[in-house]
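Everything on this sheet refers to the single structure shown next.
The values are calculated or read from the model by the stated rules, or taken from the named source; none is laboratory data. Quick caveat: nothing in here was measured; it's all calculated off a predicted structure. In this analysis, Cβ positions are derived from the backbone assuming ideal geometry, glycine residues included, and neighbour counts consider all displayed protein chains.
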Amino acid sequence: MNTITKHYIDGAFVESHGREVMNIIKPTNGRVIGRVTLADEEDMQRAIAAAKRAFVSRPVDPGRALRDPAPVARGRSGAP
């Protein structure tokens, strides 16, 4: 059984600081299909700091996406 021990923080998968593990249960039959390491306070602080840096370096204009969604969609997909 696989145990996921990393979190996606600041554009990379990083090893969890937390040590508490939770079962991943398949809802159709109730069987445990994996395990995941839960984030702790340090993991959360790293994620929050990364999100704040990302927002400051690239502010979002929500109205832009509503006025003309095509450039926003192209920017996220990498399409020309």
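Please find, within the range 52-73, the residue that is surrounded by the fewest Cβ atoms within 10 Å (Cβ to Cβ) out of those that are closer than 29 Å to residue 14 by Cβ and either of a type in the set (D, E, K, R) or at pLDDT 90 or above (or both).
Among those that are closer than 29 Å to residue 14 by Cβ and either of a type in the set (D, E, K, R) or at pLDDT 90 or above (or both), it is 58.
Are there any pairs with C-beta distances below 9 angstrom linking a residue in the range 6-24 that is surrounded by fewer than 11 Cβ atoms within 10 Å (Cβ to Cβ) to a residue that is of a type in the set (Ser, Thr, Tyr) and not in a strand (DSSP E or B), with the two at least 6 apart or on different chains, and if so which?
Filtered contacts from the range 6-24: 15/5.
How many residues are outside any loop (DSSP other than H, G, I, E, B), among the aliphatic types (A, V, I, L, M) and within 13 Å of the chain's Cα centre (by Cα) if we restrict to the range 1-48?
6
Might you let me know whether the range 28-42 holds any residue that is within 20 Å of residue 54 (Cβ to Cβ) and free of Cβ contacts under 8 Å to residues at least 40 places away in the same chain?
Yes; the residues of the range 28-42 include at least one that is within 20 Å of residue 54 (Cβ to Cβ) and free of Cβ contacts under 8 Å to residues at least 40 places away in the same chain.
Hey, can you tell me all the residues within the range 25-45 that are surrounded by 11 or more Cβ atoms within 10 Å (Cβ to Cβ) and of a type in the set (Ser, Thr, Tyr)?
Hit for the range 25-45 is 37, nothing else.
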